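Down below is the structure, laid out as structure tokens.
Where a number appears in this text, it was derived from the coordinates with a stated rule and is not lab data. Quantities reported herein were computed from a predicted structural model and do not represent experimental measurements. Note: ideal-geometry Cβ built from the backbone for every residue, glycine included; neighbour counts use all protein chains shown.
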Amino acid sequence: MPSQTWQQEFKRLWKELVPPQGQANTVQGELIRAVGRLSDEAYRNANHNFGRGHRMFCEFIRVNLKDPAVFSAAELEEIDQCLDQILDAAHPDVRGPESSHCRLTQKVVRWCESKPDLIPHKPNRALRI
């Protein structure tokens, strides 16, 4: 939806694809949930509770988002850089629109927009957040 900002599209996707509790039943929904939870932990809590579940979110994003059919080689590298910065939980990147969280969220939204047919997601029993 070109008339919407990525922030508006993120909110729409969250509302439509992320359940009130637990994991999403689609890859699109789980990507939105993962990037949203990572951002929330950094911005709201300065990563004080960053742990195993957050690292699992980063791995899920890395495995599912890095799609050369959607992103250029430079963008795929940027995704890795953003995830590496987020995994450096001792130094959360919360500087605003240029933060790793914002840039990664934009990529997740773009990936979801490129994949309108929902992809089933099997919940990870080890993920508790």
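Annotations for the structure displayed:
- Condition met for Val35 (outside any helix (DSSP H, G or I), surrounded by 12 or more Cβ atoms within 10 Å (Cβ to Cβ) and touching a residue at least 12 places away in the same chain (Cβ under 8 Å)): no
- When Phe10, Phe57, Phe50 are checked against the criterion of being in a loop (DSSP other than H, G, I, E, B), crowded, with 19+ Cβ neighbours inside 10 Å and not polar (S, T, N, Q), a single residue qualifies: Phe50.
- Annotation: of all residues in the stretch 74-92 being more than 17 Å from Phe60 (Cα to Cα) and assigned to a helix (DSSP H, G or I), the one that is nearest to the chain's Cα centre (by Cα) is Glu75.
- Counted residues, the stretch 38-47 - those being surrounded by 12 or more Cβ atoms within 10 Å (Cβ to Cβ) and part of a helix (DSSP H, G or I): 5
- Number of the condition not met by Asn64 [criteria: (1) assigned to a loop (DSSP other than H, G, I, E, B); (2) surrounded by 13 or more Cβ atoms within 10 Å (Cβ to Cβ)]: (1)
- Within the stretch 111-120, being farther than 19 Å from Leu83 by Cβ and either part of a loop (DSSP other than H, G, I, E, B) or within 14 Å of the chain's Cα centre (by Cα) (or both) holds for Glu113, Lys115, Pro116, Asp117, Leu118, Ile119.
- For Ile79, the requirement of being out of contact with any Gly (no Cβ under 6 Å at 6 or more places or on another chain) and touching a residue at least 40 places away in the same chain (Cβ under 8 Å) is not met.
- Set Ser72, Ser99: member being farther than 26 Å from Arg125 by Cα, surrounded by 12 or more Cβ atoms within 10 Å (Cβ to Cβ) and of a type in the set (Ser, Thr, Tyr): Ser99
- For the stretch 105-127, the candidate set comprises residues that are farther than 14 Å from Leu13 by Cβ and among the aliphatic types (A, V, I, L, M); within that set, the residue that is surrounded by the most Cβ atoms within 10 Å (Cβ to Cβ) is Leu127.
- Pairs, first in a loop (DSSP other than H, G, I, E, B) in the stretch 93-110, second of a type in the set (S, T, N, Q), C-beta under 6 Å, six or more apart: Asp93/Gln85; Asp93/Ser99; Asp93/Ser100
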